[in-house]
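The values are calculated or read from the model by the stated rules, or taken from the named source; none is laboratory data. Note that the structure is predicted; figures quoted are calculated from it, not measured. Here the Cβ is made from the backbone with ideal geometry for all residues, glycine too, and neighbour counts use every protein chain on show.
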Amino acid sequence: MTLFSPMLITFTVYILGMIIIGFVAYRATKNFDDYILGGRSLGSVVTALSAGASDMSGWLLMGLPGAIYLYGISESWIAVGLIIGAYLNWTLVAGRLRVHTEVNGNSLTLPDYFTNRFEDNSKMLRIFSAVVILIFFTIYCASGIVAGARLFESTFDISYGSAIWLGAGATILYTFLGGFLAVSWTDTVQASLMFFALLLTPVITIFAVGGVEHSIALIAETKAEHLDLFKGLNIVAIISLLGWGLGYFGQPHILARFMAAKSHHTIPGARRISMAWMILCLIGTVAVGFFGIAFFQMNPGLGVDVAANNERVFIELAMVLFNPWVAGILMSAILAAVMSTLSCQLLVCSSALTEDLYKPFLRKNASTTELVWVGRSMVLLVAIIAIAMAMNPDSRVLNLVSYAWAGFGAAFGPVILISLIWSRMTRNGALAGMLVGAITVIIWDHYDYFKLYEIIPGFILSSIAIIGVSLLGKAPSQSIQQRFQKADAEYRSTEVELVDNSQP
């Protein structure tokens, strides 16, 4: 690739833009609250798009289109599950979590919230939840670095080692500088880029094939099974795919966006924006894989790379169908998806190390300036560990990403959800729920009982453990219940206002 190729120039402009946003956020970051949670200042649009972008990584533009291309429309069940899960998360958790974290000691992280919500003087909840976050998210970060490196490696024909530093460097820099504000502002740009790419690409592909009806007819001729929504699936498989939606309740990088909203009043507007963005993006990504089948059937000579690696279907369609400058923008959308998720994962790990381990155990009286710089140092530390893992892209540790989503969903999801709706929940109940959820996921994944996705039994057993242990133990203190009632009343006042405002 030449030095001044459209692709290289487009990527360079995009990366420089993200770094500039990082410097602007650096100037807006005044204290540790700003660095970790943006001073709880995010409006509806940034909250919505940031939550979406941090959720949908390179999987949205590579993994899911590749699965649809290879196996057909039956793979789209996972998209249905994610849409249902995301909507329930916005409806049941988002507003409540924003209120409860502020009422419970202005908690900046999930471990901080667990500790304050249940008055856990033993700090067991803080330690266990912080360790879970660090283990799973460091692995997640390594996976994101591998995805970015693979993109640079294949696009610019450079060595894997060089591609790692190019792919991760900009993300690490703007996260280091601007913290949560940089991550949220860049997420908004990245979400817009992903939206543009996933609407434009399938539309142009359909035109290139000759329309929707012709595309379906082409697929029916040679791969009719790809049109079957239930191909190769039984009821357990469908439930497993839909079960992915349960993971949303426990994902720290998504929940942090709810906690950072300007107020719980902004959540309903953010929910509408985020769900519209998500539904359209998932329709687009399914369409890329599906109509890509028809396109490469019509043009088999152009599909050699896709035949070798089905996850390249979006990349090859962008390269073949578009002007090099437009293709460069579309390819930047893949990098945007990877960077948006990687940056928020780095920041959540930094938050856990700084707010949940360094501050309470090493420097209780640390100044806000010290905490900000410790937070930045932790971003670098986690990044270095993740890069070391990513240096061997075939390392077994990266396979753990396949159930990290389930691990967070089962360990944290029921604890978050029940803590927001049930005042009788106790500290021991929360700890039991985390342990049971995490252990169930690990054991179930190892033995693969009934071929059922491990998040489903993990979520159910965790919920049972929380309720059972809470009811068997002593009721929470009066101060805990008073804080719950205060937060609950504040949240419900918003619902009343919304109903009143909707009346003619």
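General remarks:
- Single match in PHE295, PHE290, PHE258 (criterion: within 30 Å of LEU108 (Cα to Cα), among the aromatic types (Phe, Trp, Tyr) and buried (at least 18 other Cβ atoms within 10 Å of the Cβ)): PHE258
- All positions within the range 421-441 that are of a type in the set (Val, Ile, Thr), assigned to a helix (DSSP H, G or I) and in contact with a Phe, Trp or Tyr (Cβ under 8 Å, 6 or more places away or on another chain): VAL441
- Any pair with Cβ under 7 angstrom, 6 or more apart, that starts in the range 107-135 at a residue that is closer than 15 Å to LYS359 by Cβ and charged (D, E, K, R) and ends at one that is modelled with pLDDT of 90 or more and not in a helix (DSSP H, G or I): ARG126/ASP120
- When the range 62-106 is filtered for residues that are of a type in the set (Gly, Ala, Ser), in contact (Cβ under 8 Å) with a residue 40 or more places away in the chain and more than 29 Å from PHE296 (Cα to Cα), the ones remaining, listed by number, are GLY85, ALA86, ALA94, GLY95.
- Helices (runs of 4 or more DSSP H) within the range 293-395 that include 1 or more residues farther than 29 Å from GLU225 by Cβ and touching a residue at least 24 places away in the same chain (Cβ under 8 Å): 324-353, 368-390
- In the range 368-396, the residues that are among the hydroxyl-bearing types (Ser, Thr, Tyr), at pLDDT below 90 and either out of contact with any helix residue (DSSP H, G or I) (no Cβ under 7 Å at 6 or more places or on another chain) or crowded, with 24+ Cβ neighbours inside 10 Å (or both): THR369
- Annotation for the range 337-360: at least one member residue is among the aliphatic types (A, V, I, L, M), under 23 Å from the mean Cα position of the chain (by Cα) and surrounded by fewer than 24 Cβ atoms within 10 Å (Cβ to Cβ).
- Any chance ILE135 is surrounded by fewer than 19 Cβ atoms within 10 Å (Cβ to Cβ), under 19 Å from the mean Cα position of the chain (by Cα) and closer than 30 Å to ARG427 by Cα: yes
- When restricted to residues that are among the hydroxyl-bearing types (Ser, Thr, Tyr), within 24 Å of GLY38 (Cα to Cα) and in a helix (DSSP H, G or I), the range 261-292 contains 2.
- Qualifying residue in the range 107-117 (condition: surrounded by fewer than 22 Cβ atoms within 10 Å (Cβ to Cβ) and within 25 Å of MET378 (Cα to Cα)): yes
- Options LEU181, LEU241, LEU177, LEU218: the member that is over 28 Å from the mean Cα position of the chain (by Cα) and part of a helix (DSSP H, G or I): LEU218
- Considering the range 413-436, and only residues there that are touching a residue at least 40 places away in the same chain (Cβ under 8 Å) and among the small types (Gly, Ala, Ser), the residue that is nearest to GLY458 (Cα to Cα) turns out to be GLY413.
This table checks each residue for (1) at negative phi; (2) more than 16 Å from the chain's Cα centre (by Cα); (3) at pLDDT 90 or above.
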residue	(1), (2), (3)
ARG96	yes, yes, yes
VAL103	yes, yes, yes
GLY144	yes, no, no
ILE164	yes, yes, no
ALA170	yes, yes, no
TRP185	yes, no, yes
MET194	yes, no, yes
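- Subset of the range 443-455 [part of a helix (DSSP H, G or I) and surrounded by 15 or more Cβ atoms within 10 Å (Cβ to Cβ)]: TRP444, ASP445, ILE455
- Scanning the range 111-160 for residues that are among the charged types (D, E, K, R) and either within 19 Å of ILE466 (Cβ to Cβ) or not in a helix (DSSP H, G or I) (or both) returns ARG117, GLU119, ASP120, LYS123, ARG126, ASP157.
Matching residues to (1) of a type in the set (Phe, Trp, Tyr); (2) under 27 Å from ALA86 (Cα atoms); (3) crowded, with 16+ Cβ neighbours inside 10 Å; (4) in contact with a helix residue (DSSP H, G or I) (Cβ under 7 Å, 6 or more places away or on another chain):
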site: MET275; (1), (2), (3), (4): no, yes, yes, yes
site: LEU282; (1), (2), (3), (4): no, yes, yes, yes
site: ASN299; (1), (2), (3), (4): no, no, no, no
site: ALA307; (1), (2), (3), (4): no, no, no, no
site: PHE322; (1), (2), (3), (4): yes, no, yes, yes
site: VAL326; (1), (2), (3), (4): no, no, yes, no
site: ILE329; (1), (2), (3), (4): no, no, yes, yes
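- Of the residues making up the range 277-315, those that are among the acidic types (Asp, Glu) and closer than 18 Å to SER74 by Cα number 1.
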